[in-house]
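The values are calculated or read from the model by the stated rules, or taken from the named source; none is laboratory data. In this text the structure is predicted, and so the values were computed from the model without any measurement. As a convention, Cβ positions derive from the backbone with ideal geometry for all residues, glycine included, and neighbour counts pool all protein chains shown.
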Amino acid sequence: MATKPCLDDVHMSVRKMKEIFRKYDLDGDGVISQAQLEEILQKICPGLAKKEVDQMFRKIDKNNNGTLEYEEFVNLMFLDPTAKPIGKPPPACTVSSEAAYILFLLWEQTAGRQTRPGPVAKAKLAEAVQPYSRHLQVTKARISNLGEEHEEVRRAQDKVVHRIVSPQVLQKIESSEDEVTQEMFVRMIWPKIRSFDLKYVLGCFRRFFAQEALSRILSSVTQAHKAGQRAEVGMSAGDLRWVFDVLDEDDDGTLSVREMVQLGALEVEDAILLTEHLDKDEEGEISLKELMSLVGGFVGDDFSDSLKGMYASSSMVPKELWQSKSMR
């Protein structure tokens, strides 16, 4: 039986990506040929047919120039186009991720920049769902500025906005309690939504929040690196932990480039850049401890760093410990 192609041994290592690419980029021009790619894959995945290599090459050679740039090569290694879905696909959701994203953009604009899902005052939401509200105009502007890969979001805009500004939605908001949660708002927009679809949309919200947070983290880290300063983010340890838990899909305690890219949080080159900035152990992944180092006030001691990062807002840490000199 032929060996099943497997790229797992290089999925998680940014260093190995560079080493392999440089080895085969003999003239140092930043590209490798299809023949060189075949040689690489035969060593990594013995038994891979030439037909499969041809298909993979055509799929990832985005600019159709007959060679692979470094970014295209990384896309191949981290996203493995030979992978097949495991198990039965989930039942189709009647609310698309594009529709959920439009709702998220309006929610974020209305609530202010929340790091993770939280309720919004009903007065703010009632103002946002007016047909010509500032919140809605900003949301539409953000959608119009999305790249070509988000064409489906633009197509869904009119239908979703029509639902948002309906008098029934405004009436439900005004008759609600002082605050409205995401679940309540989704039910207002789609009153007959199924339980499965509701969970799907709320799951989309979680991922969108985590993606936005990770983009802000990258921006802060990059700016600090350029200025030669220690990177910090304006987020609490609890918020950072939440972002980490959402993105760490395999629950292995690290964020790989693959996880950051597959959830759409970052582009490949940005995920690699963030990993290079934070990956002090040079393992090709970002650990929870490394991410927690971005919380302001950390010191050098491993024990106090871990304690402060994990339990900064927790009553589990004795007050006298926080007041000790080592934790200041």
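For Ser144, are the conditions met, namely being loosely packed, with under 11 Cβ neighbours inside 10 Å and either under 26 Å from the mean Cα position of the chain (by Cα) or in contact (Cβ under 8 Å) with a residue 12 or more places away in the chain (or both)? Yes; evaluated as a whole, the condition is true for this residue.
Applying the set (1) surrounded by 15 or more Cβ atoms within 10 Å (Cβ to Cβ); (2) modelled with pLDDT of 70 or more; (3) within 26 Å of Lys192 (Cα to Cα) to Asp61 leaves exactly one unmet item: (3). At pLDDT 80 or above, aliphatic (A, V, I, L, M), out of contact with any strand residue (DSSP E or B) (no Cβ under 6 Å at 6 or more places or on another chain) and closer than 15 Å to Ser220 by Cα - does that describe any residue in segment 250-268? No, segment 250-268 contains no residue that is at pLDDT 80 or above, aliphatic (A, V, I, L, M), out of contact with any strand residue (DSSP E or B) (no Cβ under 6 Å at 6 or more places or on another chain) and closer than 15 Å to Ser220 by Cα. Taken together, Ala213, Ala237 contain a single residue that is surrounded by 16 or more Cβ atoms within 10 Å (Cβ to Cβ) and touching a Ser or Thr at 6+ places or on another chain (Cβ under 6 Å), which is Ala213. Scanning segment 224-266 for residues that are farther than 17 Å from Ala213 by Cβ and outside the structural domain of Leu291 (by TED's automatic domain parsing) turns up His225, Lys226, Ala227, Gly228, Gln229, Arg230. Would you be able to say whether some residue in segment 213-223 is over 15 Å from the mean Cα position of the chain (by Cα), aliphatic (A, V, I, L, M) and outside any loop (DSSP other than H, G, I, E, B)? Yes, that holds for at least one residue.
When segment 161-193 is examined, which residues are found to be among the β-branched types (Val, Ile, Thr) and without any contact (Cβ under 8 Å) to a residue 40 or more places away in the chain?
Let us first name the residues in segment 161-193 that are among the β-branched types (Val, Ile, Thr), namely 161, 164-165, 169, 173, 180-181, 186, 189, 193.
Matches in segment 161-193: Val165 only.
Residue selection: Asp158 fails the criterion of being in contact (Cβ under 8 Å) with a residue 12 or more places away in the chain, exposed (fewer than 14 other Cβ atoms within 10 Å of the Cβ) and within 20 Å of Thr110 (Cβ to Cβ).
Filter segment 57-69 down to the residues that are closer than 13 Å to Ile32 by Cβ and in a helix (DSSP H, G or I) and list them by number. Steps first, answer last, please.
Kept after step one, since they are closer than 13 Å to Ile32 by Cβ, are these residues of segment 57-69: 57, 60-61, 65-69.
Answer for segment 57-69, where residues must be closer than 13 Å to Ile32 by Cβ and in a helix (DSSP H, G or I): Phe57, Ile60.
Candidates Val257, Val243: the one that is within 11 Å of the chain's Cα centre (by Cα) and within 20 Å of Arg116 (Cα to Cα) is Val243.
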